[in-house]
Structures are given as C-alpha cells and as structure tokens.
Amino acid sequence: MMTDLNNLLRSRVPGRSMPREFYVDLEVFEEDLRRVFHKNWLFAGHSCEIPEPGDYFLLSVGAEELIVLRDKEGAVRAHFNVCRHRGSRIVTEERGRSRSLVCPYHQWVYALDGGLTNARLMGEGFDAGEYRLRPATVRELAGLVFVCLSPDESTQDFDAVFEAVEPQLRPHGLERAKVAARDSYEVRANWKVLVENNRECYHCRVSHPEFCMSNYDLGLPGDSRSDEGYESALEHEYERWRFLGLSPEEVSFPNGSSHRVSRLPLKEGFLTEASTATSSRRLWANSPTRTWAACA
Ligand code: FES
C-alpha cells in the first residue's frame with residue numbers, strides 16, 4: 001500500500017484535484033486517519049458545552065471515540081471511551097452529566113480524571129493505578145476545545161496556532177456563550193472535498209447568495225485582485241478595531257504552517273451575515289466583523 005500511495009502522491013499535479021483514489025479508496029482514507037486525524041490537533045467543541053464538573057460529550061475520530069469532559073477541578077479532559085478491563089464502550093449517551101464514569105459491562109468505576117476507583121472482585125495484588133483510562137491531550141483556546149490523540153507524534157505546532165488565534169478570539173468571550181441550537185448533517189463525500197470547497201469561493205455566487213451579500217469577494221491569501229471598496233473598508237475597519245482593542249493582525253500560514261487567522265470587514269450596512277443584515281441580539285464584542293480561523 002505504501003508504494004502505491006507514494007506513486008499516487010507522485011502522480012499528483014500541483015494546482016489540480018488529487019487523483020481519484022484520494023477521494024474514494026478505503027485504504028487511503030485509513031492512511032488519512034492515521035497521518036492526519038490521529039496526529040494533529042482537532043477542534044472538539046466549545047467550552048460552554050461542558051460548563052459544570054461532570055458535563056461531557058463524545059467525539060468520534062474514525063474508529064476512535066473520546067469522552068470530552070470537565071473534571072472536578074474545572075479542567076477539561078479527554079479520555080478514550082474504552083474500558084481498561086475488556087474494552088467495552090463506557091459512555092453511550094452523546095452528551096450529559098455524571099459524577100463518575102461507570103462501565104456498563106462489569107461496572108468498573110472511573111473518576112472524572114480517568115483514575116480507576118472501583119473494580120469489583122479483582123483480588124489481592126490488583127493495582128488500580130495501572131488501569132487509568134487512556135488520555136488524549138486537550139487544550140482550551142478562548143472558549144474552543146482542541147484535542148490531540150497522539151500528542152507525541154503531533155505534526156502541528158499548537159503553540160504557534162494558540163499565539164496567533166487567542167488574542168483575536170479572546171475579546172469575543174466565547175466561553176460565556178450558550179448553545180442555542182445544534183445542527184448536524186452527513187455529507188456523502190470524502191472529507192478532502194469539504195476542505196477544498198471551503199478553500200475556494202468560486203462556487204459562492206450561486207450557492208451562498210446571502211454570504212455574498214454581506215461579504216467582499218476578496219481577502220483570501222494569494223488573491224491578486226483589488227477592489228477600491230474593499231481596500232477602503234479594510235482601512236476604516238482596521239482603525240475601528242484597534243480603537244475597540246481588537247487585534248486585526250492577519251496571520252496567514254506562517255513558515256509553511258497550516259493555520260490562518262484573519263479579521264475581515266463586512267460590507268457597508270451589514271452588522272451580521274444574516275440576509276436581514278442585522279440582528280435583534282447584542283453583537284459579540286459589538287463588532288460587525290467576521291473573525292476567521294482555520295487549521296487545515
Ligand atoms: S469491560 Fe468494563 S468493566 Fe468489564
């Protein structure tokens with residue numbers, strides 16, 4: 001497989017879509033999971049989804065599943081949802097609150113910090129300390145929760161991401177947000193199609209008319225076009241953002257890394273991206289802007 005994959009990679013033409021196999025081949029997908037999703041920092045959810053000790057939600061990454069929770073001390077943790085006894089799934093509800101984690105198979109009990117606190121009838125010589133839940137690494141970034149399944153092998157310098165995104169996001173107070181609604185849908189396509197779609201707006205004019213109403217069709221790195229309206233809006237907004245104490249600094253894939261953060265102006269008259277151009281709610285940080293961060 002490795003040879004095939006290397007041949008496939010060599011056959012890729014820069015600037016074009018990748019060969020078909022990268023989108024449909026199951027073995028390539030498994031390599032994607034191993035090399036990308038198991039080794040990089042992934043957005044898991046919002047801090048405000050688990051405000052109280054014992055609050056948790058599940059996160060699936062391929063065949064792996066994490067329990068992301070807030071422990072007794074208020075720290076966010078992530079444990080693999082696999083019992084250390086016989087490998088049963090421990091938590092089965094998508095989200096909830098619990099004082100401890102009890103395996104439904106033989107009722108081993110784990111504390112929120114992952115320590116095994118009760119294992120019936122295991123006899124003398126059994127050392128519960130050897131059977132903690134396997135942890136994943138967690139970092140909170142201004143109200144966002146990120147996890148890494150294999151931190152020792154991580155290919156992403158998360159400190160650099162943190163330093164770039166944190167000052168731009170912190171003023172918006174995301175940790176004080178509340179989940180008003182959830183929507184989840186499956187796309188019948190390989191994940192790379194979604195990433196590629198996100199990285200171009202060639203399709204926006206017809207597919208996202210309301211987005212085009214409120215946003216300039218400019219502002220992506222490498223875009224050589226210019227627009228007087230956009231340039232003057234940007235200049236005006238930079239001044240206003242600085243006055244409001246918001247950092248407008250654009251960080252765009254520094255040193256070949258895979259993260260970008262940018263604050264972009266909305267078109268004149270738009271306070272939000274809603275087609276009504278406004279909102280009956282108070283705006284985050286009173287700022288009609290689109291803050292955009294990505295880790296690709
Ligand atoms: S598999 Fe969990 S207690 Fe046995």
### Query
How long are the three semi-axes of the equivalent ellipsoid of region 42-155, in whole Å, if each is the root of 5 times an eigenvalue of the C-alpha gyration tensor, listed from largest down?
24, 15, 13
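Put Arg240, Arg95, Arg20 in order of accessible area, largest first, 1.4 Å probe: what do you get? Could you put the intermediate results ahead of the total?
On the way: Arg240 65, Arg95 95, Arg20 170 Å².
Order by accessible area, largest first: Arg20, Arg95, Arg240.
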### Task
Mind checking the full-extension length gain between Arg99 and Ser154? Use 0.36 nm per residue of separation minus the Cα-Cα distance, one decimal, nm.
16.7 nm
### Query
Out of residues 5 or more away from Val61 or on other chains, whose amide H comes under 5 Å of its own, with H placed 1.01 Å from N in the peptide plane?
Leu66
### Task
Compute the distance in nm between two label points, each set 7 Å from the Cα along the Cα-to-Cβ direction, one at Ser207 and one at Ser224.
2.5 nm
### Query
Using a 1.4 Å probe, what is the accessible area per residue for the chain, in Å²?
62 Å²
### Summary
Whole-number value, in Å³ per residue, for the convex hull of the alpha carbons of region 1-77 is 118 Å³
### Message
So if I average 1/r over every pair of distinct C-alpha atoms in the chain and take the inverse, what Kirkwood radius in Å does that give?
### Response
22.2 Å
### Task
Compute the Cα gyration tensor for region 174-242, then decide on rounded, prolate or oblate, letting a ≥ b ≥ c be the square roots of its eigenvalues: rounded whenever a/c is under 1.5, prolate when a/b is larger than b/c in the other cases, and oblate in all that remain.
oblate
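Tally up the carbon and sulfur contribution to the accessible surface of the chain as a whole percent, 1.4 Å probe, everything protein left in place. Please report the intermediate quantities before stating the final value.
On the way: 9070 of 18320 Å².
Its accessible area is 50 percent carbon and sulfur atoms.
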#### Entry: Cα long-axis angle, helix 158-169 against the chain (0 to 90 degrees, to the nearest 10)
60 degrees
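The values are calculated or read from the model by the stated rules, or taken from the named source; none is laboratory data. Just so it is clear, the model here is predicted, and its values are computed rather than measured. Quick reminder, even Gly has a Cβ in these numbers, built from the backbone with ideal geometry, and neighbours come from all protein chains shown. Keep in mind that these areas ignore ligands, DNA and RNA; they rest on the heavy atoms of the full protein, side chains included. Shrake-Rupley method; radii C 1.70, N 1.55, O 1.52, S 1.80 Å.
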